[in-house]
Amino acid sequence: MKQLTVKTMSTSYDVHIGGGVYVLFATEYKELLQHADKVGIFADATAASYHLEKLEQALQAASIPFVLHMLPGGEESKTPASFMSCHSFLLQHQFTRQSVLIAFGGGACGDLTGFVAATFMRGIPFLQCPTTILAHDSAVGGKTAINMPEGKNMVGSFHQPAGVLFRPDLFTTLPEREVRSGMAELLKHAMISDDDWTESLLLNSDFPHFSAEMLSTELLKGIRVKADIVAQDEFEQGMRKFLNFGHTLGHAVEAYFGFGKVSHGECVMIGMAYSLLLSETFGSISPGFTNRFIRFADHSGYPVQAIVDVEFNSLLQFMKMDKKVSAGELVFVLLHSPGNPFTQKVSERHCEQAYHELISRIKEEVLHDCKRNKGSNNRK
Ligand SMILES: NC(=O)c1ccc[n+]([C@@H]2O[C@H](COP(=O)([O-])OP(=O)(O)OC[C@H]3O[C@@H](n4cnc5c(N)ncnc54)[C@H](O)[C@@H]3O)[C@@H](O)[C@H]2O)c1
Ligand SMILES: [Zn+2]
């Protein structure tokens, strides 16, 4: 079992990673849960169908009674209607300010449960039990939210969990694209913090499929990056923005295709390629590095070619809805070099030129590469 502590201005809590972390319900978290008048599990239906009994058994073994509220799988749980039904559930089951919630699922379930915990009776504690790779990012840092018809994560608050209990052995049932999604965020954590670590991931031919042991080590590194940033900038006044590397274009691609069609991290991978291209102008990234990144993404199974027929203007309208936009200019997180991020305003005209350049690079690096290798079996 591995562990690290997240320290923010308002609180401090531990993140535990390993197959055995649920034993902590009987030790480290026993007091929190025993003092609660009610414990509620909010569970993602899909994650629950595979793994909920592991959580239930651990709570039973620790003699912690609980009630279960099942949520729709994934993003469907992050709606205003679902949020309201969670509150009704808690009220109907006589939850009070002395109650505790446990989120069991991916980022969607964690974001919703966190926001319910932040708002129920003006705030109650909650624990995160993440079940996706991506949740190494979302379960840490205290951002909670639901979606509105007008946009993603538009209503939410900062509410830090009381602890995070992460079991990488639950990832075995994740669909391929969810594995790719989570691993893109891991790569993001490397790229904004550490040149050598970035290089080791780009050289790893197993990416994005790591063993549970290696995944624990790598995710802990990713969480440490996030924890260090959150410790310095809990409310995103400055450097927390670096965590949005790849997300300005990534979110636009995600919205363009319709949320859920291409996974979040797959879109972020495309967004990171674009940010590298912009970093050739505003930072010191070489074209060779960007091209290598595009090939790496393709070889690792990311659908980078999905955007070659997408018009820039279709994405621009989504990028303009980004929380970081200012008149006529978009704000991007770019890299001076791997491990050295900065924020940069970029004109729409420059963004458009860079987008066209990205499409030609993808055609050159991926589609031509495809033709060159046609018939050969040397690609993953
Ligand atoms: N709060 C933050 O700081 C933060 C950061 C990044 C992302 N997010 C949010 O996180 C969400 C994305 O999280 P996610 O990628 O974990 O997606 P998700 O929660 O939608 O889960 C992805 C899919 O995998 C299923 N699933 C979950 N665990 C499973 C398991 N062990 N086996 C099989 N299937 C499983 C879910 O039902 C869903 O269909 C988005 O809503 C995003 O806005 C929040
Ligand atoms: Zn993300």
Starting from one equal scatterer on each C-alpha and no solvent at all, send me the Debye-based log10 I(q)/I(0) for the chain at q = 0.11, 0.13, 0.14 Å⁻¹, two decimals.
-0.76, -1.04, -1.19
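Taking a probe of 1.4 Å, how large is the accessible area per residue of the chain, in Å²? The partial results should precede the final answer.
Working: 15670 Å² over 380 residues.
Per-residue accessible area for the chain comes out at 41 Å².
Can you divide the C-alpha Rg of the stretch 146-268 by 2.2 N^0.38 Å and report the result to two decimal places? Intermediate results must be reported in sequence, preceding the final value.
On the way: Rg = 15.2 Å, N = 123, 2.2 N^0.38 = 13.7 Å.
The stretch 146-268 yields a ratio of 1.11.
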If you look at just the Cα atoms of the stretch 234-372, how large are its Rg and its Dmax in Å?
14.1, 48
For the stretch 2-173, compute Rh as the Kirkwood radius over C-alpha pairs and then the Stokes-Einstein diffusion coefficient at 37 °C and 0.692 mPa s; write the answer in µm²/s, rounded to an integer.
210 µm²/s
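Using Cα pairs under 8 angstrom and six or more residues apart, how large is the relative contact order of the chain, in percent? Walk me through the numbers before you get to the answer.
Working: 678 pairs, mean separation 52.5, N = 380.
Relative contact order here is 14 percent.
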Lys pairs in the stretch 2-173 with Cα under 21 Å (8 or more apart in sequence, or on separate chains) total 9
Whenever you get a sec, compute what percent of the accessible area on the chain sits on carbon and sulfur atoms (1.4 Å probe).
52 percent
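The values are calculated or read from the model by the stated rules, or taken from the named source; none is laboratory data. Predicted model only: the values in this text are computed from it and were never measured. Areas reflect the complete protein model, heavy atoms only, side chains present, ligands, DNA and RNA absent. Shrake-Rupley method; radii C 1.70, N 1.55, O 1.52, S 1.80 Å.
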